[in-house]
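I have placed the structure first, in the form of structure tokens, so that the comments after it can refer back to it.
No value in this document is a laboratory result; all are computed from the given coordinates. The model shown is predicted, which means the values in this text are computed figures rather than measured ones. Because the Cβ atoms are built from the backbone with ideal geometry, glycine has one as well, and the counts that use them run over all protein chains shown.
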Amino acid sequence: MSKVRRVRLRPGKAEKIRQQRHPWLFSGAFAPDTIAESGDTVCVCDEHGQPLAYGHWDAESPIRCRVFSWGSAKLQPNETFWQSQLERALHLRRALPDLRLTNSYRLINSEGDALPGIVVDVYDKVAVVQLRTPGAERLRPTLLRFLTSHLSLKGIYLRRESSSASEWIWGERTPEVLLEEHGLFFKVSIETGQKTGFFLDQRHNRQLLRYYSQGRKVANFFAYTGGFTVYAAAGGATELLSVEIMPEPAHLLLENLRLNGFSHIPHTLWVEDAFDALQKVEKDYWDIIVLDPPAFTHHQDAVPQAIRGYKEINRRALRLLPKGGLLFTFSCSAHITPQLFRDILLSAAMDADRPVQILHFLHAPPDHPIDLFHPQGEYLKGFVLKVE
Ligand SMILES: C[S@@+](CC[C@H](N)C(=O)[O-])C[C@H]1O[C@@H](n2cnc3c(N)ncnc32)[C@H](O)[C@@H]1O
């Protein structure tokens, strides 16, 4: 394990940083003569050389340091330290009652587990790893030792931004996995799927839709491999519509309906743009509409455009629903805060000229813990709205 470098903050910066405990320290916070290499473990000190945090350095990113430990006590971020951080994440998952009902879950959630840059999703006997920072990249051997000694795995897949750079880094190549969640089954394509293969963060919200679906017609926009469609079928929906722009997940969606024995339920699949589909859907026909779009922005600069996109789809959906209809609506963009999303929905309801009640505030489940000091971790938010 490399040695710890000391990096100094600019005068006057330390107190606020200590108080706010935000795990991202930006380049402007550091003294100009600070030298460290990307991936280095650093001890962040105030202008007098007093330590206040330990983190990983990234010389290329505006987020210059990602803190994984706060406090002035001397720390030795060695193998033992990292193994115990990883074990803490595993113990949290093992104690979650919710995870008894699935074979797939998020084991490590980056800042939410004080393991910045590391994401690990477990799909039955396959772990999919993302190492999003140079500091996380250096922990790859430690993480591998941990995963292979604590879990009973068949294979470990390292997922990179581009699929050609992704690879199996341990065990057998296992490109397809059967995920079980709340007694339902989904085929997950580890190598070609979106995210790490499945949207594990919507588990609770899919189950909620199931409870509301009895005797109702459910339309699922941005459907991916049919998570919400299959749950609606399981809940007793009488008719289903799924809209997904990508052919490959759309194909898996049909397989997933078959796999769960729901082929007899009337189902229409449109492989097309949801914005267009929302325009041609018959008014007052669908009792429940689900909108789970991809993040409309990954940058602060594109927020105004994203706001227009969210408003547009929600306005259209609110207009389409009959009296008493339900809208399950989500945003998974970290730049759209829960309050901003709520404001967008308000504005959409005003334009649609419909009275609307909020029935549920929705989030990711607890295997996606959020550091309270890191609001960006709360990327997924949703509402169930009842329209009159
Ligand atoms: C957040 S995912 C949905 C996850 C899904 N609800 C689930 O639980 O598995 C968003 C999906 O929208 C699809 N998509 C992106 N742009 C789209 C568009 N303009 N029209 C329809 N689908 C789109 C993506 O391919 C992706 O499958």
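What order, most packed first, do the peptides 316-325, 85-94 have when packing is the mean number of other Cβ atoms within 10 Å of each residue?
Per-residue Cβ counts within 10 Å, averaged per peptide and sorted highest first, yield 316-325, 85-94.
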- Item | region 260-378 - Rg and Dmax from Cα coordinates, angstrom | 15.8, 48
- Message: Within region 61-76, list the residues whose amide N lies under 13 Å from a label point set 7 Å along Cα→Cβ of Ser27.
- Response: 61-65
- Query: Amide H of Leu359: which non-local residues (sequence gap of 5 or more, or other chain) have their own amide H closer than 5 Å, using H built in the peptide plane?
  - Reply: Val384, Leu385, Lys386
- Message: Show me the GluC sites (Glu not before Pro) within region 267-352 that DSSP assigns to loop and that have at most 14 other Cβ atoms within 10 Å of their Cβ.
- Response: Glu272, Glu282
- Which angle between 0 and 90 degrees, to the nearest 10, do you get for helix 203-212 versus the longest principal axis of the chain when only C-alpha atoms count? 20
- Task: Give the angle, between 0 and 90 degrees and rounded to the nearest 10, that separates the Cα long axis of helix 303-320 from the longest principal axis of the Cα atoms of the chain.
- Result: 20
- Whats the longest run of the chain with zero chymotrypsin sites (Phe, Trp or Tyr not before Pro) that are DSSP loop and have at most 15 other Cβ atoms within 10 Å? 1-284
- Note on the structure: Plugging the Cβ-Cβ distance of Lys3 and Ser162 into 1/(1 + (r/R0)^6) at R0 = 22 Å yields, to the nearest 0.05, a FRET efficiency of 0.10
- Message: What do you get for trypsin sites (Lys or Arg not before Pro) in region 179-254 restricted to DSSP loop and a cutoff of at most 10 other Cβ within 10 Å of the site's Cβ?
- Response: none
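If a/c stays under 1.5 just call it rounded; otherwise compare a/b with b/c (prolate if a/b is bigger, oblate if not). Do that for region 3-67, with a ≥ b ≥ c from the square roots of the Cα gyration tensor eigenvalues.
rounded
For region 24-122, what class follows from the C-alpha gyration tensor (a ≥ b ≥ c being the square roots of its eigenvalues): rounded when a/c is under 1.5, otherwise prolate if a/b is larger than b/c, else oblate? Please report the intermediate quantities before stating the final value.
Working: a/c = 2.96, a/b = 2.08, b/c = 1.42.
Judged from the Cα gyration tensor, region 24-122 comes out prolate (a/c at least 1.5, a/b above b/c).
Ignoring everything except DSSP H segments at least 4 long, calculate the 222 nm mean residue ellipticity for the chain; use -39,500 (n - 2.57) per segment, divide by total residues, nearest 500. Numbers along the way, then the final one.
On the way: 10 runs with 110 residues, N = 388.
Theoretical 222 nm ellipticity from helices: -8500 deg cm²/dmol.
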- Counting other C-beta atoms within 10 Å, which of Ile35, Ile370, Ile169, Ile307 has the fewest, and how do the rest follow? Ile35, Ile169, Ile370, Ile307
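Counting other beta carbons within 10 Å of each residue's own, what order do Asp276, Asp33, Asp287 fall into, fewest first? Intermediate results must be reported in sequence, preceding the final value.
Numbers: Asp276 11, Asp33 7, Asp287 20.
By the 10 Å Cβ count, ascending, the order reads Asp33, Asp276, Asp287.
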- Just add up the charged neighbours of Arg94: K/R +1, D/E -1, any other residue whose Cβ is under 15 Å from the Cβ of Arg94. 0
- Message: Quick query: amide H of Phe296 versus all other amide H atoms, modeled in the peptide plane; which residues come in under 5 Å with a sequence gap of 5 or more or a different chain?
- Response: Cys332, Ser333
- Message: As an exercise, use a Förster radius of 22 Å and the Cβ-Cβ distance of Gln305 and Asp351 to find the FRET efficiency, rounded to the nearest 0.05.
- Response: 0.80
- Item | Amide H contacts under 5 Å for Asn220, placed H, 5+ residues apart | Leu241, Ser242, Val243, Val290
- Item | Check: region 199-387 dipole with +1 on Lys, Arg Cβ and -1 on Asp, Glu Cβ, in debye | 640
- Mind putting together the pair-distance distribution for region 311-388? All Cα pairs, 10 Å bins, whole percent per bin, short to long. 20, 49, 23, 8, 0
- Task: Compute the separation of the alpha-carbon centres of region 259-329 and region 6-53 and state it in Å as a whole number.
- Result: 44
- Item | Percent of Cα-Cα distances greater than 29 Å, calculated over the chain | 48
- How far is helix 79-94 tilted, in degrees, relative to the longest principal axis of the Cα atoms in the chain, given as a value from 0 to 90 rounded to the nearest 10? 20
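When the expected Rg is taken as 2.2 N^0.38 Å, what fraction or multiple of it is the alpha-carbon Rg of region 79-174? Can you show the working numbers first?
Numbers: Rg = 12.7 Å, N = 96, 2.2 N^0.38 = 12.5 Å.
For region 79-174, the normalised Cα radius of gyration is 1.02.
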